[in-house]
Amino acid sequence: MNILDIIKKHKIIPLGTLVTEEEVENICNCLTKADLPLIEVTLRDKKVIDVLKEFKNYSNISLGIGTIRSKDQIDLAIEAGASFAITPGFSLKLSEYALESGLTLIPGVQTASEVMAASEAGHKTLKFFPAELSGGVDRLNAFKSVFSDITFIPTGGITSKNIANYLNLDNVVAAGASSTMPESLIRSKSWQEISNNLEEIKTIIKII
Ligand code: 3PG
């Protein structure tokens, strides 16, 4: 199964900034237990780079690297064995570089112009970011008839309370969310609470 199919199957990309080997180990165990074998690790802290190699011990987890803003970071993602990369916005330069490098890139968009630019570069599945602040469900609904060949992964402000509103849209294939593993719970090693959050979101997704 290719990575976009894996994302579409699970409908959620849990995301977080993991900065220690212990965090990677425990989060991978939580994801495995919840049968949600994918994650976007955001490059929001220099320490993330040092722990990425730890993911090689979890070949069942599809690793995505997020907050990518440079070619070097695409190289880093490849070196870490990532299955996908996510950019917060659209950059033609990074889109072309990811394509040349053979790494699946999901670029971020917010406006119709950005959807057009990303689609012209060959991307058919786009991150919609920051979802809640950019018009949320209403904007995605408006995109539906105009960009009928494009699907979206809304991210930014997605929680167990609003995820169903997004996933019920025909042009939404999955949502990205840190709400299942917020930084506070990761830093306090609240693995059980994170597991509970993952189970909760899975239950919601199942009944959609
Ligand atoms: C991202 O990096 O994609 C977003 O900051 C995630 O948004 P969230 O923390 O509201 O889920």
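The values are calculated or read from the model by the stated rules, or taken from the named source; none is laboratory data. Quick caveat: nothing in here was measured; it's all calculated off a predicted structure. Don't worry about glycine lacking a Cβ; one is built from the backbone with ideal geometry, like all the others, and counts go over all protein chains shown.
What to note about this one:
- When 146, 172, 109, 137 are checked against the criterion of being among the hydrophobic types (A, V, I, L, M, F, W, C), surrounded by fewer than 18 Cβ atoms within 10 Å (Cβ to Cβ) and within 16 Å of the ligand (Cβ to nearest atom), 137 stands alone in meeting it.
- Taking the range 184-203 as the range and being within 18 Å of the chain's Cα centre (by Cα) and among the β-branched types (Val, Ile, Thr) as the test, the residues that pass are 186, 194, 201.
- Filtered residues of the range 175-196 (kept if more than 14 Å from residue 23 (Cα to Cα) and within 15 Å of the ligand (Cβ to nearest atom)): 175, 176, 177, 178, 179, 180
- Candidates in the range 1-23 are the residues that are among the β-branched types (Val, Ile, Thr) and more than 16 Å from the chain's Cα centre (by Cα); of these, the one that is surrounded by the most Cβ atoms within 10 Å (Cβ to Cβ) is 19.
- Residue satisfying condition, being touching a residue at least 60 places away in the same chain (Cβ under 8 Å), over 27 Å from residue 111 (Cα atoms) and among the aliphatic types (A, V, I, L, M), within set 52, 31, 76: 31
- Residue count for the range 116-141, restricted to those that are hydrophobic (A, V, I, L, M, F, W, C) and closer than 23 Å to residue 70 by Cβ: 6
- Residue that is within 16 Å of the chain's Cα centre (by Cα), within 15 Å of the ligand (Cβ to nearest atom), of a type in the set (S, T, N, Q) and surrounded by 16 or more Cβ atoms within 10 Å (Cβ to Cβ), where the choices are 151, 104, 155: 155
- Scanning the range 117-145 for residues being under 19 Å from the mean Cα position of the chain (by Cα) and of a type in the set (Lys, Arg) gives a total of 2.
- In the range 33-44, the qualifying residues are those that are of a type outside the set (A, V, I, L, M, F, W, C) and under 17 Å from the mean Cα position of the chain (by Cα), and the one that is modelled with the lowest pLDDT is 44.
- Within the range 184-208, residues that are outside any helix (DSSP H, G or I) have Cβ atoms under 9 Å from residues that are surrounded by 12 or more Cβ atoms within 10 Å (Cβ to Cβ) in these pairs: 189/22; 189/23; 189/26; 207/164; 208/11; 208/163; 208/164; 208/167, counting only partners at least 6 apart in sequence or on another chain.
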